[in-house]
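The values are calculated or read from the model by the stated rules, or taken from the named source; none is laboratory data. Computed from a predicted model, the values in this text were never measured in an experiment. Virtual Cβ from ideal backbone geometry, glycine too; neighbours counted across all protein chains shown. Accessible surface is based on the protein model in full, side chains and every heavy atom, while ligands, DNA and RNA are left aside. Shrake-Rupley method; radii C 1.70, N 1.55, O 1.52, S 1.80 Å.
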Amino acid sequence: MKRDVKAIVKEMTLEEKAGMCSGKDFWHLKSVERLGIPEVMVSDGPHGLRKQADEADHLGLNDSIKAVCFPTACATACSFDRDLLEEMGERLGEECQAENVSVILGPAVNIKRSPLCGRNFEYFSEDPYLASQMAAAQIKGVQSKHVGTSIKHFAANNQEHRRMSCSSEIDERTFREIYLGAFETAIKEAKPDTVMCSYNKINGEFASENYRLLTEILRDDWGFEGYVMSDWGAVNERVKGLKAGLDLEMPGSGGCTDKEIVEAVKNGDLDEAVLNTAVERILNIIFKFTDNRQEAVFNREEDHKLAAKIAAESMVLLKNEGILPIQPEGKKIAFIGKFAEQPRFQGGGSSHINSFKITGALEAAKEIAEVTYAQGYEVKEDKVDEKLLEEAVQTAKEADVAVIFAGLPDAFESEGYDRTHMRMPECQNLLISEIAKVQKHVVVVLHNGSPVEMPWADDVEGILEAYLCGEAVGQAEVGLLFGQANPCGKLAETVPYKLSDNPSYLHFPGDGKTVEYKEGVFVGYRYYDTKEMPVRYPFGYGLSYTTFEYSDMQVSAEEIKDTETLKVSLKIKNTGNMTGKEIVQLYVADKTGAVSRPVKELKNFVKVELQPQEEKTVEMELDKRSFAWYCTELADWYAATGEYEILAAASSRDIRLRKTVKVISSQNLPLSVSRNTTISELLENPGTAVMIKELAESLVAHMGGSQEAEEGNAAAEAITPEMSMKMMENAPLRSMRSFMGMKEAELDALIQKLQDAVV
Ligand code: BGC
């Protein structure tokens, strides 16, 4: 049914329109019965449905309906699997249809700037491209079921500390390339119905009343057509927010901000047309849902199975010295650690799901092997319990293999506050090292939402990173440990050796009022790899029980215009004897030297399944954006003319194949010529290059730089013409006056001539 929303808005009173712009309560929008506007519900998100029926809150304090807790974003991102995320989205969409939820609040795509952010478990990656791809897939999946999504938290909300008041201070290039990047690509590719603005300020202006963010960037630049809602309680000044592009305030304000809107229209401070537009946007999405209701059942058993499959495809095998997969026959296997029995599989706060059922590893292993168990540590308190420790060491000693289930307890990371260090509880670190003293064959399985220091990494034979992998975590762990499935996840973030290695270390979380993003675009592997810094495990890294060989990389052209697309293909072969999946990553390295950039950046990836000895050709595309950086002078993306290396890699530190291509830019950087414009700037512009080269050469000659290096001519021996030319490049035009005796009027004429020649 095609609705004439504009006509409905015309029928609404000023009060009804203002009322439409804030929630009725925590989770509902208001209805206007006389005009057939129904009441709709929104719910968290992002990795399960948190539909609250009774006492409402936004921090997960009160119970919601029983639902399926899928793996959290820190885990699903490691799958690098667009199809899988789309499937998860479809299932979430169906659950929403079954429960009459119009918008599910997610996905959350904020960049993992520091391992300390309490909410990293809800975020995908340190890389904006990977985050965008995972988010776009999830959005497409949910929305294919005619349920809306709300991509969040827009923008630069990369810490919990003072999240409702702190200002993220970011330069424009960094903002565009890193912190807006995931939003931009996901919004353009998947068109989420709504965007949720964040609590924080950006360069001094609250996101909720930031016209540049909510209108100029989001709508004018990116073409977003849905509605913007506030994070819960993120509104500071309501009327200012509405003018900036914040359509819906959540939750309700008990009517007081609605009154402010009415007042502002009446006294002429707010143009009623702005209000009408906001209401139209909200109504469009409401009717999109109510006019497309689908019969759906919430099949929790089926969804639990999907949660197990996603978990198995997301976990990352970090270390394996021949210990995995475990052959259970005739072996005594010990499972150690509380998390084997009661796994940690999700984070605290608004995303907390009232899980329908939970499968821990101990329970899941029953069908496969006989295992002994010892609790090992307490979760509630980081205190060594000698009895538990002793019992665990003894159990491990008596076994042939010990699998320790460890990680971060709930209190260590959550929405609402950040971690202060990157360590695991000391009682768990001690447990692992004590067991490693008596048992050679140890595997550690980690449950955490963000990287931890691993002082014991060299003392164990295997490490499986399970992250926070949803309610079916145990099933997936056991499948991987015993080889029923082959690990195929790769890290969506770098694991540094220690916190102080992280690029944001000196500036995170700021002084409470502001947080400065001083590391610029050098976030995550962009920093570690450019610095050539040793890391515990690099971005994009993960092991398999089989091996893969990369060969025969081809590019569709040696040279492309920046308006063209480059196709890259290569062969990938499973050289082992178990079916497996490889994540092939494509990085681009800018060799033009036009600007300071990370040594490489992820620009595409593909996940491919191969039977033993099978070989497939995979193909990926790169476009202008894959080569470009955000040039503030142009206020646009810019790929300088020159060479770029295309790297096909198994991780950011494991480059298997490379090819060089040339990109020809269709843009020239703007150049305003003045007496202080340098020779090098003029050499870069094709319009002025020839003219300035001739002049520079004669300037060099004037300064004696063309002298041949004769025997005994000390000056000429010390400074060659090439050296003079290099020095000259840094000279401003006014040097012509000092060193060539150019008159002021001649200099002015030259400046004019050069300006006319600029292209
Ligand atoms: C969170 C959002 C969440 C909202 C509603 C806020 O505290 O930041 O992510 O969607 O509450 O629960």
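Residue count for the range 132-151 under the criterion of being within 16 Å of the ligand (Cβ to nearest atom), closer than 25 Å to residue 601 by Cα and touching a residue at least 60 places away in the same chain (Cβ under 8 Å): the result is 1.
Cβ-Cβ contacts under 6 Å between residues 6 or more apart (or on different chains), taken from a first residue in the range 2-28 that is within 15 Å of residue 260 (Cβ to Cβ) and not assigned by TED's automatic domain parsing to the domain that holds residue 267 to a second residue that is within 16 Å of the ligand (Cβ to nearest atom) and not in a strand (DSSP E or B), are listed as 22/252; 22/253. Only residues that are open to solvent by less than 10 Å² (accessible area, probe 1.4 Å) and outside any helix (DSSP H, G or I) were counted in the range 69-92, giving 5. Taken over the range 402-423, the criterion of being under 24 Å from residue 474 (Cβ atoms) and open to solvent by 10 Å² or more (accessible area, probe 1.4 Å) is satisfied by 410, 411, 412, 414.
Mind listing just one residue for me: the one in the range 358-373 that is out of contact with any Phe, Trp or Tyr (no Cβ under 6 Å at 6 or more places or on another chain) and at pLDDT below 95 and, of those, farthest from residue 477 (Cα to Cα)? Among them, the one singled out is 370. Going residue by residue through the range 266-273, is there one that turns out to be away from the ligand (no atom under 16 Å from the Cβ) and either modelled with pLDDT under 95 or of a type in the set (S, T, N, Q) (or both)? Yes: one or more hits. Would you point out which residue out of 470, 483 is open to solvent by less than 10 Å² (accessible area, probe 1.4 Å) and either over 23 Å from residue 69 (Cα atoms) or not hydrophobic (A, V, I, L, M, F, W, C) (or both)? Going through 470, 483 in turn, just one is open to solvent by less than 10 Å² (accessible area, probe 1.4 Å) and either over 23 Å from residue 69 (Cα atoms) or not hydrophobic (A, V, I, L, M, F, W, C) (or both): 470. The condition (being within 16 Å of the ligand (Cβ to nearest atom), in the same structural domain as residue 73 (by TED's automatic domain parsing) and farther than 22 Å from residue 235 by Cα) is satisfied by just one residue among 206, 121, 183, 154: 121. Of all the listed residues (523, 515), the sole one being open to solvent by less than 10 Å² (accessible area, probe 1.4 Å), aliphatic (A, V, I, L, M), part of a loop (DSSP other than H, G, I, E, B) and not assigned by TED's automatic domain parsing to the domain that holds residue 131 is 523. Taking residue 34 as the residue in question, decide whether it is at pLDDT 95 or above, of a type in the set (Lys, Arg) and in the same structural domain as residue 152 (by TED's automatic domain parsing). Criteria not met by residue 34. Inside the range 221-246, can you point out the residues that are acidic (Asp, Glu) and either within 16 Å of the ligand (Cβ to nearest atom) or over 20 Å from residue 106 (Cα atoms) (or both)? The answer is 221, 231, 237.
The set of residues in the range 236-255 that are open to solvent by less than 70 Å² (accessible area, probe 1.4 Å) and either over 18 Å from residue 42 (Cα atoms) or of a type in the set (Asp, Glu) (or both) comprises 238, 239, 241, 242, 244, 245, 247, 249, 255. Considering the range 200-223, the residues that are part of a loop (DSSP other than H, G, I, E, B) and more than 22 Å from residue 18 (Cα to Cα) include one that is most open to solvent (accessible area, probe 1.4 Å), namely 203. Listed by position, the strands (runs of 3 or more DSSP E) enclosed by the range 584-694 that each have at least 3 residues that are surrounded by fewer than 20 Cβ atoms within 10 Å (Cβ to Cβ) are 601-610, 615-622, 642-651, 654-664. Count of the range 140-158 residues, restricted to those that are open to solvent by 10 Å² or more (accessible area, probe 1.4 Å) and in contact with a Cys (Cβ under 8 Å, 6 or more places away or on another chain), is 1. Among the residues of this structure, residue 25 does not count as one that is within 11 Å of the ligand (Cβ to nearest atom) and open to solvent by 10 Å² or more (accessible area, probe 1.4 Å).
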